[in-house]
Amino acid sequence: MKLATIAFISWSIIPTAWAADPAITHVRVLKGQHKLQLLAGDRVVRDFHVVFGENPRGHKSEEGDERTPEGTYTLDYKKSDSAFYKAIHISYPNAKDVAAAKARGVSPGGQIMIHGQKNGLGWLAPVSQRFNWTNGCIALTNADMDVVWSMVKVGTP
């Protein structure tokens with residue numbers, strides 16, 4: 001009887017980090033809080049500190065504005081051979097972004113990614129993750145990018 005009780009107690013105190021992570025249904029970015037969240041339904045499964053472009057306020061509207069897009073996009077492909085540690089492409093610009101830029105006579109820009117640090121400079125993350133340094137991408141530490149890379153599937157909104 002005691003063995004069953006001990007076994008039960010052992011299993012009940014296993015940290016949730018050891019349990020299998022649920023399938024990620026979407027990724028949410030909270031620019032004002034510098035957070036990227038992985039969600040399964042309405043539940044936040046993981047939460048990461050991120051930084052953005054040097055001009056983070058407002059929606060990306062043209063190439064070179066150093067802003068990160070706001071709205072609903074899809075993570076449409078992974079790029080392991082990026083200039084940055086692992087990159088997941090965001091489907092910016094969408095048709096609305098292209099039309100708005102065209103109306104203003106500018107290029108909407110593109111190649112917006114979620115990625116780690118510049119290749120070879122991962123050791124600088126304790127400093128670089130304290131300020132906005134990208135051209136509009138969403139940057140994490142390399143260790144955090146490993147987690148995002150493994151948990152997020154292509155096609156995730």
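The table below lists the values:
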| item | result |
| --- | --- |
| Positions within region 1-25 being modelled with pLDDT of 95 or more and under 30 Å from ARG130 (Cβ atoms), in sequence order | ILE24 |
| Options ARG57, ARG43, ARG28, ARG67: the member that is in contact with a Leu (Cβ under 7 Å, 6 or more places away or on another chain) and either at positive phi or basic (Lys, Arg) (or both) | ARG28 |
| Among (1) open to solvent by less than 60 Å² (accessible area, probe 1.4 Å); (2) within 14 Å of the chain's Cα centre (by Cα); (3) of a type in the set (S, T, N, Q), the one test that SER150 misses | (1) |
| Residue list for region 115-129, restricted to those being without any contact (Cβ under 8 Å) to a residue 12 or more places away in the chain and either of a type in the set (Lys, Arg) or assigned to a helix (DSSP H, G or I) (or both) | TRP123, LEU124, PRO126, VAL127 |
| All strands (runs of 3 or more DSSP E) inside region 26-99 with 1 or more residues being surrounded by fewer than 16 Cβ atoms within 10 Å (Cβ to Cβ) and of a type in the set (Ser, Thr, Tyr) | 75-79 |
| Yes/no for GLY155 being surrounded by 14 or more Cβ atoms within 10 Å (Cβ to Cβ) and either at pLDDT 95 or above or not hydrophobic (A, V, I, L, M, F, W, C) (or both) | no |
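The values are calculated or read from the model by the stated rules, or taken from the named source; none is laboratory data. These figures come from a predicted structure and were not determined experimentally. Ideal geometry is used to build each Cβ from the backbone, glycine not excepted, and the neighbour counts take in all protein chains shown. What goes into the accessible areas is simple: the full protein's heavy atoms, side chains included, and nothing from ligands, DNA or RNA. Shrake-Rupley method; radii C 1.70, N 1.55, O 1.52, S 1.80 Å.
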